[in-house]
Amino acid sequence: MTTAVVWFKTDLRIQDNETLIRALEQSDQVVPVYCFDDAHFQTTKFGVKKTGKFRAQFLLESLADLDAGLRALGSGLLIVRGKPEEEILKIVKSYSATKVFAKNEVAFEEQQTEKCVANALAKINCTLETVNTSTLYDVAHLPFAIKDLPDIFTHFRKEVEKNSNVRKVFAKPLCITSPNIPPMQLPSLSELGLPQINIDSRATIVFKGGESNAHKRLQHYFYETKAISSYKLTRNGMIGENYSSKFSAWLAHGCISANTIYEELNKYETIHGSNESTYWLFFELLWRDYFYFVMQKFGKKLFLKNGIKDLKASLPKFNEKYFSNWKNGATGVDFIDANMLELKCTGYMSNRGRQNVASYLCNDLKIDWRYGAAYFEEQLIDYDVCSNWGNWAYLAGVGNDPRPNRYFNIDKQAKDYDEDGAFRKWWLGKK
Ligand code: FAD
């Protein structure tokens, strides 16, 4: 009897998970496992945690949901904690597994971890097979090699739309054969070194982790409200549950695949008609793909101060006070403060807000953009290494932006996108 381990990471779903499908095809039984990596709960060189309480809570909910889903099919989820190269190895040995399946990684630290695990496994003649489960388009089916990825998003979009196809969704397995998996035991937030969360009554949406909640949100945004049909008109909003899809948190944890959303979008269009708004959701998901491929192309460079650019500009000495005021929504600029309070109190911020606070940190406060990216990494429920560091580098002028300086005039932005001051009032309690 052959046994494979399925190492879940940011692909916490059963449906359309090629890693799981491959493991089931190639072995008689599978052992699903999630490893709480100690490195994910440490403090970074930017003085912030790698994972904050909001994302950790969403992760715990997603794991509970995954375990329930796996048990319904005859399996379950093992939880381990420590260094993946040690913990995955222990699981492999104790179940005499011959292969480990996992999603592949394109970002530097994640790749390092992947390599450590592969090396540890190789010593006991076990192989690690990795699969890309993150993007709409398979890297193998892109109309160019990654090294030739266009440096401008529009060129990328036109090329893939014309010359490639979105990968089809895999059918959900009907049953999973596993050895007896003991009941799941999740760590608490305090065991992860994090405080409890309070739900802020001003939150635009209360995110609840898990594959089943991802599908509920999809149903709600598409069919119950048909909000998708006006997405292009509302997507720059900042108040309310449905101005944008809010799919990001579930996508970032892999509770749903972009491909599943895309297929459902096609079904929706067949029933209710397509328009610019339905297309625009696909357009935004292409940005997500693009930042993934940008990370794959440039690797470690995207975490350097000068990013992918050859710049000589120097910044003033790091100002701790400015950074602290920015994080705490205390800069004195209402539009920035309202957005930063939202992030601090809920773990979410609109796309419009993100662009403005990022521009403000880089261009007005003149702080190294990586401090901002690192704080977002801690706070965001929907933190995704490629989208976060890619967007930050882009806005800081050291990433894939054809424009040399993407400066946001905050007063103008506030007037254009919060004309009556409702958003600022919502968060600051004044006009
Ligand atoms: P919608 O407007 O409904 O968009 C649908 C989906 O398209 C999103 O869920 C997301 O998957 C994708 N998408 C939309 N815009 C972008 C974009 N600019 N880049 C990449 N994908 C996009 N998004 C993350 O998922 N994780 C991050 O860590 C992250 N960090 C960001 C940091 C900065 C400085 C900026 C400017 C943007 C960042 N984004 C990030 C992109 C974007 O702001 C969020 O995806 C979006 O606000 C999430 O809300 P939504 O799901 O309602 O988005």
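Go over the candidates Val385, Val357 one by one and state the one that is aliphatic (A, V, I, L, M), within 11 Å of the ligand (Cβ to nearest atom) and surrounded by fewer than 23 Cβ atoms within 10 Å (Cβ to Cβ).
Val385
Check off (1) surrounded by fewer than 20 Cβ atoms within 10 Å (Cβ to Cβ); (2) among the small types (Gly, Ala, Ser); (3) closer than 26 Å to Ser190 by Cα for Gly74 and give me the number that stays unchecked.
(3)
Conditions (1) among the polar types (S, T, N, Q); (2) part of a helix (DSSP H, G or I); (3) closer than 29 Å to Glu378 by Cα, marked per residue:
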residue	(1), (2), (3)
Val106	no, no, yes
Glu109	no, yes, yes
Thr135	yes, no, yes
Val169	no, no, no
Thr177	yes, no, no
Gln196	yes, no, yes
Asp200	no, no, yes
Ala214	no, yes, yes
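Can you name the residue in segment 362-381 that is free of Cβ contacts under 8 Å to residues at least 60 places away in the same chain and either in contact with a strand residue (DSSP E or B) (Cβ under 8 Å, 6 or more places away or on another chain) or charged (D, E, K, R) (or both) and is also farthest from the ligand (Cβ to nearest atom) among such residues?
Filtering first and then ranking leaves Lys366.
Note down all Cβ pairs under 7 Å where the first residue falls in segment 327-350 and is modelled with pLDDT of 95 or more and part of a loop (DSSP other than H, G, I, E, B), the second is basic (Lys, Arg) and surrounded by fewer than 20 Cβ atoms within 10 Å (Cβ to Cβ), and they're at least six residues apart or on different chains.
Asn328/Lys344; Gly329/Lys344
Within the bounds of segment 270-292, is there any residue that is away from the ligand (no atom under 15 Å from the Cβ), of a type in the set (Ser, Thr, Tyr) and in a helix (DSSP H, G or I)?
So far as segment 270-292 goes, yes, one or more of its residues are away from the ligand (no atom under 15 Å from the Cβ), of a type in the set (Ser, Thr, Tyr) and in a helix (DSSP H, G or I).
Please name all residue pairs, on different chains or six or more residues apart, with Cβ atoms under 6 Å, provided the first residue is in segment 246-261 and is among the small types (Gly, Ala, Ser) and assigned to a loop (DSSP other than H, G, I, E, B) and the second residue is near the ligand (Cβ under 6 Å from one of its atoms) and modelled with pLDDT of 95 or more.
none
Ile176 passes all but one of (1) in contact with a Gly (Cβ under 9 Å, 6 or more places away or on another chain); (2) surrounded by fewer than 19 Cβ atoms within 10 Å (Cβ to Cβ); (3) under 25 Å from Asp28 (Cβ atoms); which number fails?
Ile176 satisfies all of (1) in contact with a Gly (Cβ under 9 Å, 6 or more places away or on another chain); (2) surrounded by fewer than 19 Cβ atoms within 10 Å (Cβ to Cβ); (3) under 25 Å from Asp28 (Cβ atoms) except (2).
For Lys50, indicate whether it is surrounded by fewer than 21 Cβ atoms within 10 Å (Cβ to Cβ), in contact with a Ser or Thr (Cβ under 7 Å, 6 or more places away or on another chain) and among the basic types (Lys, Arg). Explain how you work it out, then say what you get.
On the way: surrounded by fewer than 21 Cβ atoms within 10 Å (Cβ to Cβ): yes; in contact with a Ser or Thr (Cβ under 7 Å, 6 or more places away or on another chain): yes; among the basic types (Lys, Arg): yes.
It is true that Lys50 is surrounded by fewer than 21 Cβ atoms within 10 Å (Cβ to Cβ), in contact with a Ser or Thr (Cβ under 7 Å, 6 or more places away or on another chain) and among the basic types (Lys, Arg).
Determine whether segment 306-328 contains at least one residue that is surrounded by 23 or more Cβ atoms within 10 Å (Cβ to Cβ) and either near the ligand (Cβ under 8 Å from one of its atoms) or over 22 Å from Lys425 (Cα atoms) (or both).
For segment 306-328, residues surrounded by 23 or more Cβ atoms within 10 Å (Cβ to Cβ) and either near the ligand (Cβ under 8 Å from one of its atoms) or over 22 Å from Lys425 (Cα atoms) (or both): present.
Restricting to segment 244-269, name every residue that is more than 9 Å from the ligand (Cβ to nearest atom) and farther than 23 Å from Lys9 by Cα.
Scanning segment 244-269 gives Glu263, Glu264, Leu265, Asn266, Lys267, Tyr268, Glu269.
Within segment 107-145, track down each residue that is polar (S, T, N, Q) and under 22 Å from the mean Cα position of the chain (by Cα).
Within segment 107-145, Gln111, Gln112, Thr113, Thr130, Asn132, Thr133, Ser134, Thr135 qualify.
For segment 137-162, enumerate the residues that are of a type in the set (A, V, I, L, M, F, W, C), surrounded by 12 or more Cβ atoms within 10 Å (Cβ to Cβ) and part of a helix (DSSP H, G or I).
Within segment 137-162, Val139, Ile146, Phe153, Phe156, Val160 qualify.
Tell me, please, whether a residue that is surrounded by 20 or more Cβ atoms within 10 Å (Cβ to Cβ), polar (S, T, N, Q), under 30 Å from Asn132 (Cβ atoms) and within 18 Å of the chain's Cα centre (by Cα) can be found in segment 330-353.
Checked against the condition, which is being surrounded by 20 or more Cβ atoms within 10 Å (Cβ to Cβ), polar (S, T, N, Q), under 30 Å from Asn132 (Cβ atoms) and within 18 Å of the chain's Cα centre (by Cα), segment 330-353 yields at least one hit.
The values are calculated or read from the model by the stated rules, or taken from the named source; none is laboratory data. Small disclaimer: the values here were computed from a predicted structure and weren't measured. Positions of Cβ are backbone-derived with ideal geometry, glycine not excepted, and every protein chain shown enters the neighbour counts.
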